Structure formats: C-alpha cells, structure tokens
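The values are calculated or read from the model by the stated rules, or taken from the named source; none is laboratory data. Everything quoted here is computed from the prediction, not taken from an experiment. Neighbour counts are summed over all protein chains in view; Cβ atoms, including those assigned to glycine, are modelled from backbone coordinates with ideal geometry. Ligands, DNA and RNA are stripped out before the accessible areas are found, and what is left, the full protein with its side chains, is counted by its heavy atoms. Shrake-Rupley method; radii C 1.70, N 1.55, O 1.52, S 1.80 Å.
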Amino acid sequence: MSRAHHPSSATRQRRHALLALGSLLCAPAWTQPADAPAATLQVGPGRALRTLAQAARVATDHTLIEVDAGEYRGDVAFWPQNRLQLRAVGGRVRLVADGAAAQGKGVFVTRGQQFRVEGFDFEGAQVPSLNGAGIRVDAGSAHVVDCRFSDSQCGVLTGNDTGIEVVIERCEFTRHLRADGRNHHVYAGGIGRLVVTGSHFQGAQSGHLLKSRARDNLVTYNRLVDGPEGRASYELEFPNGGMAVVVGNLIQQGPGSENQQLVSFGAEGLHPAPNELHMAFNTLVNELGPTGVFVNVRPGTDRVRLLNNLLVGGGNAPTGGAEVRGNALLSLADLVDPAAGDYRVRKAVAARLRALELPADADALRPMLMPTAPRGVAERPLASLRLPGALPAQS
C-alpha cells in the first residue's frame, strides 16, 4: 500500500499565500449598491437641510445624500449608517473644517458598512491629538472616489480594526502638516484591506505619502510623487508587511526627502505569514542621489517579486532571496523631463528596453491601465504592455 503524501509545512504555507494573493487580486472593490436607495436627501443653502451635519442626524441606512456644489465651513459630521452614499451635485463640494472636528477626529468620521463619498474636497482638519483627518474610518467599509485632501494633519486615517476595508479611487492628497512632522497623506492602521488606485500623492513634509498596516494591500496606477519641494520620508510603506501588490505606479523620491528609501516593507515587524511583496511594472525614480534605496524588505519576508520595473536615478534594491526579472536600471537623463514632471522614457532609450514575458503564475500582475496626471487612469497602449515601467515611452 502506498503511503499518502502530506505536503510539508513550507508547501502548505506557499499554497496559503497563493490563495491569499489570488483573493486580493480578484476581490472586487465595493461600489454603490445596484438597487435604488431607500431614501434621498438633498443638502444645500437653499434646501430644507442646509448642512451635512443636519443630514447626518436624520439619514438612515441605504440613503443617498445629494449635496449642492459650494463651500461649507465648519460643517463636520459623524456617519454611523450602512450603505450610505454622498454625492456632489453641480460641481465640487468644498468642506473646510474651520476649527471644527466630528468627535474630535476630523471632517467626516464613518462607522458604517459600504459608506461611499464622491466629489468632495476635505480641508483644514486640525485637532489637539494631531490626528485630524479629512476622513476618519473607525469601522466598517469606505469607498472614497474623486475626492481631494489638503491642509489637514492627515488625509484619510483609519482605526485598527481588521474588519475595516477602504477603497480610495481617483483622489488627490497634498499639503498635510502636523506639528511633529508625521503628516502621512493616507495612514491605514491594522485593517483588513486597503485598495488605492488612480490617485495622486505629492509633497509630504517628514511623513509618508502612503502608509498601510493593512493585512492585504492593492496599490495600482497611482502617482506617488514627492516633487521638488517635498520632504517625505517613505513614499510607500508597509511597516508590518502583509500581502502587498504594487502594480503600474509612478513612485518618485525628491531631492529633499528625509529618508533614503522609496518603498519599505516590514520595517516595524511582520504580520503572521504570509508576508509577500509583489511589485510589477512600476517606475521608481530616485532624485535624492546614489545613496537612495528603491525597495527595502525585512529579512524573513516569505516572498519578494520585482518584475519589469524601471529603477531610475541610482540606488539599491533587494537581491538575496528575491525574484528579480525584467527590471531596467536607467539614469535621470534617460527620462524626457523629470524636472517638469515628465517621467516617460526617451524614445531612443525605450528602443533598447527588453520586453519580458511574465511568469505564468504572475500573469495577473500585468497592467492594462496606467496613471494619468494629475490623477486618474487610462488604457495602457498595446505596444507598451510588456515593457517595464508604469508609463509608455515618448512617442
């Protein structure tokens, strides 16, 4: 009788990791409910409900709130409802904190499942704890679409609840300041899942552009650009590792950066396994100097894959134990005009780049889109689908 085969613990761990990666890539981002809302409320200076705070007090689950375009000062709100949608109508809605803060935390504080907000600008959240946020997600799930965040202590901040899921889509983050300098534009705590796509991060001062302690992270088609005047620490950090998929992003470290590392994984200790970093078709630009570090990964990480990335400007990347394929090392002179924010590869240089096919088990990492300036996404040209980097070359 033949002996039954029992996979080793390492094999079981790898299977579990692959299942987790597949789940992360395939899980849909929550969008607005397909069925009609149970109620619709209208907010504006000429409406029965003149403020968001009033709407928050009377809204029930599965309500659509349409907000007239304009400026609303000191109009902060706590949203505990489920399946709530807030939509700007007739233009953008500008929310200026003006010294106010819902629950002492920010302009909006949310706790409901499937909260969605679109077309809002969040500005000026400042609180004594130094954690004043445009949106604070304390529980539930939130989908933030086409919103702008500036001049607060943080743009989007979450609690530390593994049941929280956050999706950020086509948003813009800039000019956040804290007295202690830890002004992260987005800071996801120990949550279950973070998805960030088609968004623009720029000009942090001492803090990070994007920091996430989430168990699962999907970061695609964003512009994380410190710029000539930014003084960010990390551009992208996963301090506790987790499952992180980073595809098709432009990530730039400016000359004034306060940290040599563009991307950091596991610097504060790792989640329980699996901990994997998959980076494919990103353009990483180091303008700090030759001491820069493109990617720093904590020893003990289960898997690191760097596939078809452009590494520009000099610096180091992990090699020992990492799967490194199809990456190209370029100089700043190989780009069209980085000083003006044009990070495309020059046409003559692009002709020398090799198109490398992805391994069979990495096909899901192939980018079909690309980031646009200042935010949003567009279809990636067919001619560049297999070339390294996040952007098509100069035509």
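Contact map, segment 359-380: first residue touching a residue at least 60 places away in the same chain (Cβ under 8 Å), second residue assigned to a helix (DSSP H, G or I), Cβ cut-off under 6 Å, separation 6 or more or different chains; pairs are 364/25. May I ask you to verify whether residue 364 is surrounded by 14 or more Cβ atoms within 10 Å (Cβ to Cβ) and assigned to a helix (DSSP H, G or I)? Considered against the rule, which asks whether it is surrounded by 14 or more Cβ atoms within 10 Å (Cβ to Cβ) and assigned to a helix (DSSP H, G or I), residue 364 comes out as yes. One residue alone among 270, 250 is at pLDDT 95 or above, hydrophobic (A, V, I, L, M, F, W, C) and open to solvent by 20 Å² or more (accessible area, probe 1.4 Å), and that residue is 270. When segment 304-317 is filtered for residues that are surrounded by fewer than 20 Cβ atoms within 10 Å (Cβ to Cβ) and of a type in the set (S, T, N, Q), only 316 remains.
For residue 352, the stated conditions do not hold, so it cannot be described as of a type in the set (Lys, Arg) and surrounded by 15 or more Cβ atoms within 10 Å (Cβ to Cβ).
Residue 168 satisfies every condition listed in (1) touching a Phe, Trp or Tyr at 6+ places or on another chain (Cβ under 8 Å); (2) buried (at least 23 other Cβ atoms within 10 Å of the Cβ); (3) among the aliphatic types (A, V, I, L, M) except (1).
Inside segment 140-163, can you point out the residues that are at positive phi and either out of contact with any Lys or Arg (no Cβ under 7 Å at 6 or more places or on another chain) or modelled with pLDDT of 95 or more (or both)? Across segment 140-163, the qualifying residues are 140, 146. For segment 205-226, a residue qualifies if it is open to solvent by less than 10 Å² (accessible area, probe 1.4 Å) and within 23 Å of residue 370 (Cα to Cα), and the qualifying residues are 209, 210, 212, 217, 219, 222, 224, 226. Looking at segment 81-109 only, could you name the residues that are open to solvent by less than 10 Å² (accessible area, probe 1.4 Å) and either touching a Cys at 6+ places or on another chain (Cβ under 9 Å) or of a type in the set (Val, Ile, Thr) (or both)? 93, 106, 107, 109, listed by residue number.
Considering only residues that are among the charged types (D, E, K, R) and more than 18 Å from residue 112 (Cβ to Cβ), look in segment 40-65 and name the one that is least open to solvent (accessible area, probe 1.4 Å).
Going through the qualifying residues, I end up with 47.
Taking segment 226-272 and the strands (runs of 3 or more DSSP E) fully enclosed by it, the elements with 3 or more residues that are β-branched (Val, Ile, Thr) and over 18 Å from residue 341 (Cβ atoms) are at 243-247.
For residue 373, indicate whether it is more than 20 Å from residue 263 (Cβ to Cβ), among the small types (Gly, Ala, Ser) and under 24 Å from the mean Cα position of the chain (by Cα). Judged against the criteria, residue 373 is a match.
When every residue of segment 283-292 is checked against the conditions, at least one turns out to be buried (at least 24 other Cβ atoms within 10 Å of the Cβ) and not hydrophobic (A, V, I, L, M, F, W, C). A single member of 125, 102 is closer than 21 Å to residue 151 by Cβ and in contact with a Gly (Cβ under 7 Å, 6 or more places away or on another chain), and it is 125. On inspection, residue 196 passes the criterion of being buried (at least 24 other Cβ atoms within 10 Å of the Cβ) and touching an Asp or Glu at 6+ places or on another chain (Cβ under 9 Å). Picking from residues in segment 318-349 that are farther than 17 Å from residue 285 by Cα and more than 26 Å from the chain's Cα centre (by Cα), the one that is surrounded by the most Cβ atoms within 10 Å (Cβ to Cβ) is 321. Is at least one residue of segment 372-385 open to solvent by 20 Å² or more (accessible area, probe 1.4 Å), assigned to a strand (DSSP E or B), within 19 Å of residue 306 (Cα to Cα) and in contact with a Ser or Thr (Cβ under 9 Å, 6 or more places away or on another chain)? The answer is no; no qualifying residue exists.
Restricting segment 69-84 to residues that are charged (D, E, K, R) and in a strand (DSSP E or B), the residue that is farthest from residue 45 (Cα to Cα) is 73. Filtered by the rule that a residue be under 18 Å from residue 150 (Cα atoms) and surrounded by fewer than 24 Cβ atoms within 10 Å (Cβ to Cβ), segment 110-122 gives 118, 119, 121.
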